[in-house]
Amino acid sequence: MPTNMKSLRSLALLASLGWGLVGGPKEATAQDMRFTQYNAIPTAVNPAYVGITDRARLTSIYRNQWSGMPNGFVGYHVGYDWYNRDVNSGFGVLFSKEQAGAGALSTTRIAVQYAYDANFGRGWSFRPSLQLGGANRSVDMGRLIFGDQLIREDEAGSLEGPIGASNSYLDFAAGGLLIGPHMWLGYSADHVNTPNASLYEGYTELLPVKHSAHGGFRMDIGANNPRSRSEADFVVAFNYMKQGIFDQMDVGMYYDLSPLSVGLWWRGLPIGHTVEGGHDVDALSFIIGYGEKDWQIGYSYDITVSTLGLSTTGGSHEIVLRCLWDHDRRNRPTVPRAVPCVSF
């Protein structure tokens, strides 16, 4: 891409950072990165998922959004969680990092998570949860090009502004999850303290609360065939998210044939729109996962169906890796808890 086009793109990024300066403090208009395989690392969506199985779990996800566009969006999460049967509680640690504009603007977050498992019997339980953490938002000024550099043909910039290198803040979340023999239904609220994420000293840019309602249903389709030796399940799941003026609905289905799982997801709202004159359709996603007892791997590809088009964005890629193991063999249950939630 020509140098001038790169410069204009960098200027657009800087303008987006400083847009809210006019008119005084206000709520930020940005939103968190959304993952297609959010079920693969569910603790990043709802802390109530920590310790949902009897085994310790290490999960990671990497997303390259709009890979065909220069300086696109990249993000990843790494989570570790386990269950303590002595206190009927799950514990977890979550680390995440998101980058935009070739890393010029990045957000790093680390949090500790807790969920209590209230068992009602007959396969039903409810899990309230809390998440306490901190985040850092930063910008690499060396990757930005200012107007005076364009005038002087990319020489060292002399423009000095109020923008800082980084801003650290506390960031809290809470959630709940209802689990049945064949279904699950959850709700979570992230950034509940609406922290100030501004990079400008003395200016307030509140990070809006991110609401998420999610759930699903699992149906055993292999049990009706006595000749079938496979563990085949059909799973339907959804995730509705709203943050500030933005909202999004993900609806998908899986054919879960152990150890292989394939899924198809649609991202978009069936009615209404967020942007005036446009429809809320984003992507059609294909997911494939393979896993044994102690490890699992997944991949998804998003086909852009919005007005941006696949030829412009190149679609989005996600890779998931997960490991599970028995962290306390002395208290290992004779019958592990059955969890209907999907893995990818």
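Observations on the structure shown:
- Search result, residues across segment 175-185 that are crowded, with 23+ Cβ neighbours inside 10 Å and of a type in the set (A, V, I, L, M): Leu177, Ile179
- The condition of being charged (D, E, K, R), within 17 Å of Thr36 (Cα to Cα) and at pLDDT 85 or above does not hold for Asp233.
Each row is one residue, and each column tells you yes or no for (1) of a type in the set (D, E, K, R); (2) surrounded by 15 or more Cβ atoms within 10 Å (Cβ to Cβ); (3) at pLDDT below 95; (4) not in a strand (DSSP E or B).
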{"position": "Tyr187", "(1), (2), (3), (4)": "no, yes, no, no"}
{"position": "Ser198", "(1), (2), (3), (4)": "no, yes, yes, yes"}
{"position": "His214", "(1), (2), (3), (4)": "no, yes, no, no"}
{"position": "Arg218", "(1), (2), (3), (4)": "yes, yes, yes, no"}
{"position": "Asn225", "(1), (2), (3), (4)": "no, no, yes, yes"}
{"position": "Lys242", "(1), (2), (3), (4)": "yes, yes, yes, no"}
{"position": "Met249", "(1), (2), (3), (4)": "no, yes, yes, no"}
{"position": "Tyr255", "(1), (2), (3), (4)": "no, no, yes, no"}
{"position": "Trp266", "(1), (2), (3), (4)": "no, yes, yes, no"}
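- Single match in Gly90, Gly75 (criterion: in a strand (DSSP E or B) and within 18 Å of the chain's Cα centre (by Cα)): Gly75
Conditions (1) surrounded by 16 or more Cβ atoms within 10 Å (Cβ to Cβ); (2) in contact with a Leu (Cβ under 9 Å, 6 or more places away or on another chain); (3) at pLDDT 95 or above, marked per residue:
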site	(1), (2), (3)
Arg63	yes, no, no
Met69	no, yes, no
Val74	yes, no, no
Val78	yes, yes, yes
Asp86	no, no, no
Gly92	yes, no, yes
Thr107	yes, no, no
Val112	no, yes, yes
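For (1) at pLDDT below 90; (2) touching an Asp or Glu at 6+ places or on another chain (Cβ under 9 Å); (3) hydroxyl-bearing (Ser, Thr, Tyr), each residue gets a yes or a no:
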position	(1), (2), (3)
Val281	yes, no, no
Ile287	no, yes, no
Ile297	no, no, no
Trp325	no, yes, no
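- Within segment 56-72, tally of residues that are outside any loop (DSSP other than H, G, I, E, B) and more than 18 Å from Leu177 (Cβ to Cβ): 8
The values are calculated or read from the model by the stated rules, or taken from the named source; none is laboratory data. Nothing here was measured: the structure is a model prediction, and the numbers come from that model. Counting neighbours? That spans all protein chains shown, and the Cβs are built from the backbone with ideal geometry, glycine included.
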